[in-house]
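Notes to accompany the following structure.
The numbers here are math on the coordinates, done by the rules we state, and not lab data. Quantities reported herein were computed from a predicted structural model and do not represent experimental measurements. Because the Cβ atoms are built from the backbone with ideal geometry, glycine has one as well, and the counts that use them run over all protein chains shown.
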Amino acid sequence: MIQLNENLKVAIIVLLLASYVIYEQKPSLMFHEDGSFKSFGVRHNETPFPFFVVISIIGFTVYYGLLLKGGNYI
């Protein structure tokens with residue numbers, strides 16, 4: 001069975017909240033005018049920062065920050 005420690009619970013909650021806020025804001029860097037996701041790429045109608053990459057970076061950063069705050073450096 002999967003055991004969730006406090007750091008993981010907080011990171012998941014922050015990740016879900018960040019996902020919701022970003023999806024509701026629909027920044028033009030990640031979304032088209034009609035609200036659909038832009039595809040990954042560097043052309044005119046593409047983005048180097050797709051939604052899934054930004055959310056993954058936020059999740060890893062929050063979890064790692066919580067580990068460092070708790071004194072777990074490794």
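For Lys38, which sequence-distant residues (separation of 5 or more, or a different chain) have an amide H within less than 5 Å of its own amide H, given hydrogens modelled in the peptide plane?
When sequence neighbours closer than 5 places are left aside, the close amide H contacts are Phe31, His32.
Let me have the relative contact order for the chain, percent, based on Cα pairs under 8 Å that are six or more residues apart.
Answer for the chain is 32 percent.
Using Cα positions and a limit of under 21 Å, work out the lysines in reach of Lys26, with same-chain residues fewer than 8 apart set aside.
Lys38
Using only the Cα atoms of the chain, what semi-axes does the equivalent ellipsoid have when each is the square root of 5 times a gyration tensor eigenvalue? Give whole Å, largest first. Each step should come with its number before you reach the end.
Working: eigenvalues 180, 35, 18 Å².
Listed largest to smallest, the semi-axes of the chain are 30, 13, 9 Å.
To the nearest 10 degrees, how steeply does helix 51-69 sit against the main Cα axis of the chain, on a 0 to 90 scale?
That helix lies at roughly 20 degrees to the long axis.
Just to confirm the filter: which chymotrypsin sites (Phe, Trp or Tyr not before Pro) across region 13-74 are DSSP coil and have at most 13 other Cβ within 10 angstrom of their Cβ?
On the way: sites: Tyr20, Tyr23, Phe31, Phe37, Phe40, Phe51, Phe52, Phe60, Tyr63, Tyr64, Tyr73; in loops: Tyr73.
Answer in residue order: Tyr73.
So what's the gap between the Cα centers of region 51-66 and region 1-34, to the nearest angstrom?
9
Taking Cα atoms, how many degrees apart are the long axis of helix 6-25 and the longest axis of the chain, rounded to 10 and kept between 0 and 90?
So the inclination is approximately 20 degrees.
Report the FRET efficiency, 1/(1 + (r/R0)^6), for Ser39 and Leu17, where r is their Cβ-Cβ distance and R0 is 30 Å, rounded to 0.05.
Efficiency, rounded to the nearest 0.05: 0.75.
Per residue of region 30-45, what does 6.51 cos²θ - 1.76 cosθ + 1.60 with θ = phi - 60° give for ³J(HN,Hα)? Whole Hz please, x for Gly and Pro, Karplus curve as stated.
10, 10, 7, 4, 7, x, 7, 5, 7, 7, 6, x, 10, 7, 4, 9
Suppose every Lys and Arg Cβ carries +1 and every Asp and Glu Cβ carries -1, with no other charges. What dipole size does the chain come out with about its Cα centre, to the nearest 20 debye?
180
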